[in-house]
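One structure below.
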Amino acid sequence: MRRWVVYRGSKRSMEAETDIMILGGGCAGLSLALRLAEHGASCPSTTVIEARSKYVNDRTWCFWDDDSAKLRHLVTHRWSTVVIAHDMQKVTVDCQANPYAMIPAEAFYNYAKGGLAKTPRVTLALNERVIAEPQKEGGLWRVETNQGFHFAKWVIDTRPERLPEGGDAVLWQSFSGQEIECDAECFNPGVASLMDFSLSKSGRITFMYLLPFSTRRALIEATVFAPEPLGPEDLAGDLAAYIHRQVEGSTHVVLRSEHGVLPMGQWARAGRSDLSYVRVGVAAGGARSASGYAFQRIQGWADECAKALVAGGQPLGHAADPWIMRAMDALFLRVLRAQPGRAPELFLALFAHRDPRHIIRFMSDRAGPTDFAAIVFALPTWLFLREIPGLFHAFINTRKGRG
């Protein structure tokens, strides 16, 4: 329902009333809206508030593909071989059973917008920014934007609570990349380089990531795991040096750029007591702590949250990972933070296992007992035992509200 009202004297502003308000139309917001729209006439009235005026091809989402993966029809590239390298060492992983798959942002955005356009029950409001903290009035949430006011029974907020800061996570995964096209054949399109530590520096976990789309075109990214989030300017030198090495003097053009910062092992924060307002997305549990993979996790959450809302229930946040996964992720991140120089050794050991499906399932949130056991035995036990007391101390402080 929409109506015009007088607000602050003679200024006129539009109020909109809806069942569900989704703040942020990125991966999480669009995924939930798309699932709701698929219910047609049963879909609660939904409004997505998105600050950007248009969608551009600003990122890529990758995952290990299998029959259970969501939105597989949007995948544009798959690699059945991936490599992890450091100095003279290289591990080549045959992942034909679960190829490494990529969905470009433009494919997802276009598909989502097309799905939302099929029902009048969902409105995508572009070029609209939230300008004040939402407040609850008379059982409804009031959301003020630069375009007016919205009122909703439920609010799903996909925006980060604040800009990334050191201390908000055990580590931050910062990455900056360019998709380039060369005038010569520089790449092997059948092999993706997940982690190349050849440019790593003392005291810093730096690796390069290369996804070849053809012999002449590839996405190349510089990635750093560090206690502080980094901007693209901090990664520009490593990225330029690696691209120069890969193109071997050939001329190339930059087709697009992307940059992002992902939390790895966030400290627990107090949530809202009002369950009609939930926070989701990569800054609220949507990304895997130890890897940063988020796309398939978000799709699974969107399925469950949409089902709950259509059935008349309350919105759902991201479900907590099993305790053993949380414990292993937390311990692994503590080791990486305490011993950054050992990172290449640890990742090479993980992927060198004779059956790569263990690490693939572990990274894809599908691990079972044998997978957890394989991960434990692949890593140097003594290095992890040293961090257990600190992990226990951090857990106790978090429980007391000081973490």
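The values are calculated or read from the model by the stated rules, or taken from the named source; none is laboratory data. Not measured: the values here are computed from a predicted model. Counting neighbours? That spans all protein chains shown, and the Cβs are built from the backbone with ideal geometry, glycine included.
Those strands (runs of 3 or more DSSP E) of the range 80-124 in which 1 or more residues are touching an Asp or Glu at 6+ places or on another chain (Cβ under 6 Å) and of a type in the set (A, V, I, L, M, F, W, C) occupy 81-86, 100-104.
Taking the criterion of being part of a helix (DSSP H, G or I) and either touching a Gly at 6+ places or on another chain (Cβ under 6 Å) or under 19 Å from residue 288 (Cβ atoms) (or both), the residues of the range 348-368 that qualify are 350, 351, 357, 358, 359, 360, 361, 362, 363.
Among the numbered conditions (1) in contact with a helix residue (DSSP H, G or I) (Cβ under 9 Å, 6 or more places away or on another chain); (2) closer than 21 Å to residue 305 by Cα, the only one that residue 105 does not meet is (2).
Looking at the range 90-105, can you tell me whether even one residue there is among the basic types (Lys, Arg), more than 24 Å from residue 258 (Cβ to Cβ) and without any contact (Cβ under 8 Å) to a residue 24 or more places away in the chain? Checked the range 90-105: at least one residue is among the basic types (Lys, Arg), more than 24 Å from residue 258 (Cβ to Cβ) and without any contact (Cβ under 8 Å) to a residue 24 or more places away in the chain. Checked against the criterion of being under 30 Å from residue 53 (Cα atoms) and touching a strand residue (DSSP E or B) at 6+ places or on another chain (Cβ under 7 Å), the range 80-100 contains not a single residue that satisfies it.
Residues in the range 148-162 that are touching a residue at least 12 places away in the same chain (Cβ under 8 Å) and under 18 Å from the mean Cα position of the chain (by Cα): 156, 157, 158, 159, 160, 161. A residue that is surrounded by 15 or more Cβ atoms within 10 Å (Cβ to Cβ) and either modelled with pLDDT of 80 or more or within 26 Å of the chain's Cα centre (by Cα) (or both) occurs nowhere in the range 380-390.
Scanning the range 113-129 for any residue that is in contact with a Pro (Cβ under 6 Å, 6 or more places away or on another chain), in contact (Cβ under 8 Å) with a residue 40 or more places away in the chain and crowded, with 21+ Cβ neighbours inside 10 Å turns up nothing.
Within the set 143, 56, the sole residue that is touching a strand residue (DSSP E or B) at 6+ places or on another chain (Cβ under 9 Å) and crowded, with 19+ Cβ neighbours inside 10 Å turns out to be 143.
The residues on offer are 302, 308, 319, and the sole one that is outside any helix (DSSP H, G or I), within 30 Å of residue 22 (Cβ to Cβ) and modelled with pLDDT of 90 or more is 319. For the range 27-53, the set of residues classified as more than 20 Å from residue 151 (Cα to Cα) and crowded, with 21+ Cβ neighbours inside 10 Å consists of 27, 28, 31, 34, 35, listed by residue number.
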